[in-house]
Each structure stands twice: as C-alpha cells, then as structure tokens.
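The structure appears right after this line, and notes come after that.
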Amino acid sequence: MENKIIGIVSGGFDPIHPGHIMMMKECLEFSDYLVVGVNSNQWLINKKGNFFMDIKHRIYVIENLSVVNEVVEFDDDKLGSANNLLIKIRKKYPKNKII
C-alpha cells in the first residue's frame with residue numbers, strides 16, 4: 001500500500017447522484033486508491049436544514065460502488081470543512097502520497 005497514491009473525495013451524498021460518481025471516477029484517473037469521506041448528518045442539517053438518508057445508509061451505498069476502495073465517516077470541524085478527514089487519512093497512511 002505504501003507506493004499507492006491515495007485520492008480523497010468527500011461530500012454529503014444525500015442522495016448520491018451521477019455527478020458524485022463522475023467525481024470519484026475522475027479522482028481515480030490521478031490515484032490508485034479511492035477514499036470517500038462522508039459528511040455527518042449534522043453537516044447536512046447545517047447545509048440544507050435536514051437530511052434525506054442517515055449517514056449509515058449513505059455509507060452503505062458508497063461502500064458498494066465498484067470505484068470506491070474505502071469509506072470514512074468523519075467529524076466536521078467548526079468551519080464544516082473536511083480537514084478532520086484529511087488528518088485521519090494522513091495518520092492511517094503516513095507514507096503515501098495523498099491527493
């Protein structure tokens with residue numbers, strides 16, 4: 001795994017749509033291993049006022065996409081950014097190039 005380039009994408013995926021899948025496939029054009037970060041229910045509430053699918057259901061759907069190697073649930077920071085996802089992946093894969 002050390003020599004693989006890890007691509008990371010994140011989103012609410014509520015619901016997942018063709019644009020999400022295109023984003024994931026395009027990320028794999030530049031990487032060997034795709035990690036998808038799934039934003040929390042609270043992130044969706046803050047963004048849209050509610051959520052359609054609970055995070056566990058969104059994770060289940062994304063885990064079953066053939067382009068996805070790994071799905072990560074993460075806590076949003078105070079700004080609602082994916083910084084905590086990036087920190088989590090860097091700790092898990094300290095020697096890999098991450099894009």
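The values are calculated or read from the model by the stated rules, or taken from the named source; none is laboratory data. Small disclaimer: the values here were computed from a predicted structure and weren't measured. Cβ: placed from backbone, ideal geometry, glycine included. Neighbour counts: every protein chain shown. Areas reflect the complete protein model, heavy atoms only, side chains present, ligands, DNA and RNA absent. Shrake-Rupley method; radii C 1.70, N 1.55, O 1.52, S 1.80 Å.
Table for the structure above
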read-out: Unmet requirement for Asp77, which otherwise passes all of (1) of a type outside the set (Ser, Thr, Tyr); (2) free of Cβ contacts under 8 Å to residues at least 12 places away in the same chain; (3) outside any loop (DSSP other than H, G, I, E, B); value: (3)
read-out: Met1, sole failed condition from (1) hydrophobic (A, V, I, L, M, F, W, C); (2) over 23 Å from Lys97 (Cα atoms); (3) exposed (fewer than 14 other Cβ atoms within 10 Å of the Cβ); value: (2)
read-out: For Lys97: the one exception among (1) exposed (fewer than 12 other Cβ atoms within 10 Å of the Cβ); (2) among the charged types (D, E, K, R); (3) more than 14 Å from the chain's Cα centre (by Cα); value: (1)
read-out: Total residues in segment 80-90, condition touching a residue at least 12 places away in the same chain (Cβ under 8 Å) and either touching a Cys at 6+ places or on another chain (Cβ under 8 Å) or open to solvent by 50 Å² or more (accessible area, probe 1.4 Å) (or both); value: 2
read-out: Conditions (1) open to solvent by 40 Å² or more (accessible area, probe 1.4 Å); (2) without any contact (Cβ under 8 Å) to a residue 24 or more places away in the chain; number of the one not met by Ile55; value: (1)
read-out: Selection from segment 58-79 of residues that are open to solvent by 60 Å² or more (accessible area, probe 1.4 Å), under 16 Å from Tyr33 (Cα atoms) and either basic (Lys, Arg) or touching a strand residue (DSSP E or B) at 6+ places or on another chain (Cβ under 7 Å) (or both); value: Glu63, Asn69
read-out: Residue within segment 14-32 that is open to solvent by 20 Å² or more (accessible area, probe 1.4 Å) and either touching a His at 6+ places or on another chain (Cβ under 6 Å) or under 16 Å from Ser81 (Cβ atoms) (or both) present; value: no
read-out: For Ile45: the one exception among (1) under 12 Å from the mean Cα position of the chain (by Cα); (2) open to solvent by less than 100 Å² (accessible area, probe 1.4 Å); value: (1)
